[in-house]
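Asks: Attaching a single structure in structure tokens format; questions to follow.
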Amino acid sequence: AATAAEVGWLRGDLWADYALSADSILLIEPPPANDRTKMVSEQAAALAPYDARLWLLLAAINAKNGLSDGKTVAQLKVSFYTAPNDIRLIPLRLRIATQLPSISDDELQKLIEHELRTALRKSELKPIIATAYRDASTAGRQFIETTLTVFDAGFLSELHARSP
């Protein structure tokens, strides 16, 4: 993938493949990223800005490394806007969004609320909400609780029963 991206330097899809193949583990559990990881991901996003996975990858890298919260929120929003209904991205988007101090951003709250409603409609995705709730910041937990109170109070009771 690296060779293909370097040979086809202008093709965003090749850079996206390179970034996602080299750093696909970041979409599951983002470790601290090195400069090369970030450079490849930024190059891929610049050439393929339509690929929500790349924006989510960049948001994951920035969130994990404690970089600019505003930049992380912006990249996360682009991920939501470029693939609003891609359920494969819900787990990481919810986890990153509910851990950010910027959960108070109104636009981000609407996007997260949409993800939560989508996850609630599919029972197989409910464990994703439980994981996000468990790992969320205090503000993130409060937001999840407020949203679940409106959309599924029964599931909120289940979450409270499972939580230590």
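The values are calculated or read from the model by the stated rules, or taken from the named source; none is laboratory data. Treat the numbers as computed from the prediction; the structure is a model and nothing was measured. Neighbour counts run over all protein chains shown; Cβ positions are idealised from the backbone, glycine included. In case anyone asks, the SASA skips ligands and DNA or RNA and just uses the protein heavy atoms, side chains included. Shrake-Rupley method; radii C 1.70, N 1.55, O 1.52, S 1.80 Å.
Asks: Quick one: of LYS64/LYS126; LYS38/LYS122; LYS64/LYS110, which pairs are farther than 26 Å apart, Cα to Cα?
Replies: LYS38/LYS122
Asks: Got a number for carbon plus sulfur as a percent of the stretch 65-164's accessible area, 1.4 Å probe?
Replies: About 53 percent, which is the carbon plus sulfur part of the accessible surface.
Asks: Note down the nm distance, to one decimal, between modelled labels 7 Å out along Cα→Cβ at GLU107 and at ALA130.
Replies: Simple spin-label model gives 3.5 nm for this pair.
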